[in-house]
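Participant: Sending over a structure as structure tokens; questions will come in a sec.
What follows draws every value from the coordinates through simple rules; no lab data is involved. On a predicted model such as this, the values are computed, not experimentally measured, just so you know. Note that we place each Cβ from the backbone using ideal geometry, even for glycine, and neighbour counts take in every protein chain shown.
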Amino acid sequence: MKYLFSVCCWLGFSFGSFAQPEPTYAEKLGYPKGAKVVILHIDDLGMSYDSNKGSIEALTKGVANSCSVMMPCPWVPGFFHFLKDNPSIDAGLHLTLTSEWKDYRWGPLSGKYQTPGLVDAEGAMWRGVADVVKNATPDEVEKEIRAQVDRARSMGFEPTHMDSHMGTLFATPAFIEKYLKVGIEYKIPVMFPGGHNTLIAKELAATSATMQFARMAGKKLWDAGLPVLDDLHNDSYSWKPSESMTKDDTKLQAFKTEKYIDALRSVKPGITMVIMHCTNTTEVFEHISDSGPTRRGDYLAMMDPRLKAFIEKEGIILTTWREMKERRDKVNEKM
């Protein structure tokens with residue numbers, strides 16, 4: 001997000017005449033004025049067996065209602081076999097340009113010889129965003145985005161949206177351009193907070209100029225016929241449980257549930273996507289990542305009846321990317 005200001009020339013807007021969008025994108029999609037509309041979104045489907053298991057349970061038995069898939073990862077077929085039997089699940093693409101774990105790796109779907117700048121010495125994608133920025137060209141990034149969309153479609157899966165693993169596609173103006181370009185061309189909604197951005201601005205300590213620019217990008221997506229988020233909550237990965245909580249699911253669930261309740265209290269009117277990582281961890285997951293406890297906490301929170309009760313009590317409306325696109329299409333038809 002901090003790089004957004006630099007791509008203003010591509011978007012073709014000037015800062016002088018722009019004002020915060022009014023009404024919210026939620027209202028533009030037909031939701032009531034002042035409504036708090038939320039997507040409870042799970043990242044990292046297909047990354048591992050444990051990620052699939054926890055996410056599927058959170059989607060079918062809990063309150064989570066949307067997810068996105070890391071197409072280059074080994075457990076993608078496992079999720080898509082489930083998806084074929086559950087086509088109503090709101091599932092998009094978690095566009096993946098990094099492979100961050102030490103011993104558990106994956107490479108680009110476009111192939112080393114098509115996109116050599118995306119590949120490290122182990123033949124996998126780079127571990128860090130900075131390495132992708134240093135080594136990969138925007139054209140290589142676009143090739144890989146298209147390859148990931150192509151794999152999904154070849155498996156019979158039409159993604160409801162696209163977003164970015166580790167935020168890599170937000171790392172440079174040129175990467176953002178490719179991300180938005182492919183979404184607009186394929187008419188696939190793109191995760192991009194383009195409204196009032198109250199929560200994400202606070203989380204990033206963003207400047208007013210950066211947020212103005214983000215709203216400009218949102219306007220461009222809206223004008224292209226795609227739905228747009230009013231805000232984004234992306235702070236849950238930083239909620240680290242204490243060591244005692246990691247050994248007690250009851251304590252871990254209580255901790256994470258309260259965190260999500262606090263987050264939902266802070267949501268402003270409009271459409272807000274809340275990002276999480278739901279994993280039903282087994283003894284294997286610790287050999288992939290040390291993030292198991294916080295991911296397990298997300299899973300337990302989504303299964304907690306107290307969170308569901310809070311959402312209902314507060315009158316929060318849950319939506320999905322599929323519903324947003326359907327509403328946006330209806331708006332287009334009236335124009």
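Participant: Using a 10 Å cut-off around each Cβ, can you sort K313, K219 from fewest to most neighbouring Cβ atoms?
Facilitator: Result, fewest neighbours first: K313, K219.
Participant: Dividing the alpha-carbon radius of gyration of segment 146-301 by 2.2 N^0.38 Å (N being the number of residues), what value is obtained?
Facilitator: The reported ratio for this selection is 1.18.
Participant: Just rank M216, M302, fewest to most, by other beta-carbon atoms within 10 angstrom.
Facilitator: Starting with the residue having the fewest Cβ neighbours, the order is M216, M302.
Participant: What does the extension gain come out to for K313 and N135, with contour length at 0.36 nm per residue minus their alpha carbon separation?
Facilitator: That works out to 59.1 nm of additional length.
Participant: Follow-up question, since we're still on this one. Which one of Y237, G225, M273 has its Cα pushed farthest toward the positive end of the charge dipole of segment 22-334, where Lys and Arg give +1 and Asp and Glu give -1 at the Cβ?
Facilitator: Towards the positive end, the residue furthest out is G225.
Participant: Right, next: Mind putting together the pair-distance distribution for the chain? All Cα pairs, 10 Å bins, whole percent per bin, short to long.
Facilitator: Reading upward from the zero bin: 6, 26, 36, 25, 7, 0.
Participant: To continue, here is another question. Under the rule of at least 5 residues apart or a separate chain, name every residue whose amide H is placed under 5 Å from the amide H of M162.
Facilitator: Long-range HN contacts for M162: L93, V190, M191.
Participant: Kindly write out, for segment 43-60 in residue order, the coupling ³J(HN,Hα) from the Karplus curve 6.51 cos²θ - 1.76 cosθ + 1.60 (θ = phi - 60°), rounded to whole Hz, with x marking Gly and Pro.
Facilitator: For segment 43-60, the Karplus-derived couplings read 8, 6, 4, x, 5, 7, 4, 5, 5, 4, 4, x, 5, 4, 5, 5, 7, 9 Hz, x marking Gly and Pro.
Participant: If you don't mind, another one. Could you pull the Cα extents of segment 181-257 along its three principal axes, largest to smallest, in whole Å?
Facilitator: 49, 30, 16
Participant: May I pose another question? Quick one: which residues, 5+ away or cross-chain, put their amide H under 5 Å from the amide H of I39? H built at 1.01 Å from N.
Facilitator: Residues meeting the criterion, in which the H sits 1.01 Å from N, are T272, M273, V274, T319.
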